Number of protein chains: 2
Amino acid sequence: MSDQCKTCPSSAGCNSTPGNCGVEPEKSLLGALNDIQHVIVVMSGKGGVGKSSVTGLIATTLAKQGKKVGILDADITGPSQPKAFGLGKTAGLKATDYGIIPPETALGIKLMSINFFLPNEDDPVIWRGPLLAGAVKQFWEEVDWRDLDYMVVDLPPGTGDVPLTVMQSLPVSGIVIVSSPQDLAFMVVKKTIKMTQKMNIPILGLIENMSYAVCSHCHEKLEIFGKTQGAKVAADTDIDFLGGLPWDASFNALVDKGKIEEYESKEMKDVVGKLLERLS
Amino acid sequence: MSDQCKTCPSSAGCNSTPGNCGVEPEKSLLGALNDIQHVIVVMSGKGGVGKSSVTGLIATTLAKQGKKVGILDADITGPSQPKAFGLGKTAGLKATDYGIIPPETALGIKLMSINFFLPNEDDPVIWRGPLLAGAVKQFWEEVDWRDLDYMVVDLPPGTGDVPLTVMQSLPVSGIVIVSSPQDLAFMVVKKTIKMTQKMNIPILGLIENMSYAVCSHCHEKLEIFGKTQGAKVAADTDIDFLGGLPWDASFNALVDKGKIEEYESKEMKDVVGKLLERLS
């Protein structure tokens, strides 16, 4: 025990080399190698407008263009990315000193979701907000993402803990807002736009999902979710309209089979083109 | 000052009659006249499966049968009940000693929603979980509901703070689970079923919403959300199947106009019949 130790209240049980105490402990290596260029957050006020589908399609479209892409599934109580990409328990999780290694999809998209940590994919995560937000922060800080050109974040619906934490804790490049043609969905989406503006996060634009469907019998266009109004709402709220996506039964079938990456969407290519312009 | 007061640490600034101190303050009258027979909670793990529509339709169907009905809109960050029932800011809020008086719909359904408290219906509520849960508790405890035969609670999607608080704080008679035919929706719904079972709350049954749509051109049935599988999932998870509801563009149009009460649904009458049997 050195002289210094005699006056130290923590001397009992201390293992530091005398004289070395007070030195900062070694900085955690978790996430130390991460270098992520752009963080795109996909958001909607209302659930079921296809936010997760849009997240998966943006990531897939970027990956097909040769970009290095990650998906952070921040929807802790209703995660759907692993199933859409066909990554089940078999995906397995390993870790290095730099964090948990995210499982990769067929196209090499790195994916992190709470579902990888559950014994069964249908086990519920019954957590209060601070725990939910904590999990999302860990997905950002303690996952070994390494170099990524784009990280796409799938938020839960609403304006609660997780969206708030993501906007406060992640270096968000911009928000993509997803909506359906229903009036009601747009009212709730306007809440999202206002939240984003209050938090000073740039909005990349609005995507109207389920703009129309095509009848599998007579092949007529059906406006099943009401009249398309994305362009108008975008203009009214002074944000960019990125485009409308159709309701497509073949897309849903691919998602249910875990093969979202096999879907080709001309509309999404246009949307992503506009996104990249705004981010460059 | 009485002798008693001389030894009391709170004597300075105390207004009690000497000798009366230590007596419990008058119990708050808030909610004192409430007498609610059955609390039906409508839940889904995933958003956008039509939970709010089902809530509104259950309440409407019960009201048309002459029942006294209330709706507690517990979806604080994405409330949709006021718009569906055409109750805007003009609904106004008044209060008595017994609590806030809930606005009433055309059919006399008492409705409480965070939207009545916002300057604009599209203002966002950017709150963390404990605040969200607190608002829902107040809607239960501090609203002057009086006698109700049925209270229908519209939960936000997921298994976070608000569903947890409702299950812990309200005398829930049973849960109605809503799902769409998509595989993915069912995976997330199974989480809900497991949560409910963990919390020891009875499940009244499963409703499959958007079981099919009808083409407005050729009038063929379209399984736009995938093959119906409600009955199978209910059997697999050992809960009752209450029935399937079609996707109906005319219903959505009424909701957008605030006229949900004008919708007549034979399917919902059957569902409500089964619900009442289970609750009797």
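All of the numbers you see were taken from the coordinates with simple rules; none came from a lab. Keep in mind that this is a model prediction, so the values were computed, not measured. All Cβ positions, glycine included, derive from the backbone under ideal geometry; neighbour counts span all protein chains shown.
The aspartates and glutamates whose alpha-carbon is closer than 13 Å to the alpha-carbon of B:K94, local same-chain residues fewer than 8 away aside, are B:E104, B:E142, B:D144. Label points for B:P202 are taken 7 Å from Cα along Cα→Cβ. From this copy to the others they lie 5.6 nm apart, shortest first. Label sites at A:A231 and A:S250, each approximated as a point 7 angstrom past Cα along Cα to Cβ, lie 2.6 nm apart. Largest first, the three principal axis extents of the alpha carbons in the stretch B:33-279 are 53, 42, 36 Å in whole numbers. Taking the label point 7 Å along Cα→Cβ, A:D123 and its counterparts in the other copies are spaced 4.2 nm apart, in ascending order. Take each residue of peptide B:139-149, count the partner chain Cβ atoms within 10 Å of its Cβ, and average: the result is 0. Among B:S250, B:S173, B:S53, the order by Cβ neighbours within 10 angstrom, fewest to most, reads B:S250, B:S173, B:S53. Shielding of peptide B:187-198 by partners, expressed as the average count of other chain Cβ atoms within 10 Å per residue Cβ, is 5. At 7 Å along Cα-to-Cβ for each site, give me the label-to-label distance between B:D147 and A:A95 in nm. Here the answer is 6.0 nm between the modelled labels.
Taking a point 7 Å out from the Cα of A:D123 in the direction of its Cβ, none of the residues of the stretch B:234-254 has a backbone N less than 13 Å from it. Under 5 Å from the amide H of B:I71 lie the amide H atoms of B:K110, B:L111, B:M112, B:V152, each residue being 5 or more positions distant or on a separate chain, with H modelled from the backbone and absent for Pro and chain starts. By the count of neighbouring beta-carbon atoms within 10 Å, fewest first, B:M151, B:M187 end up ordered B:M187, B:M151.
Look at the alpha carbon pairs under 8 Å that are at least 6 residues apart: their mean separation over the length of chain B gives a relative contact order of 24 percent.
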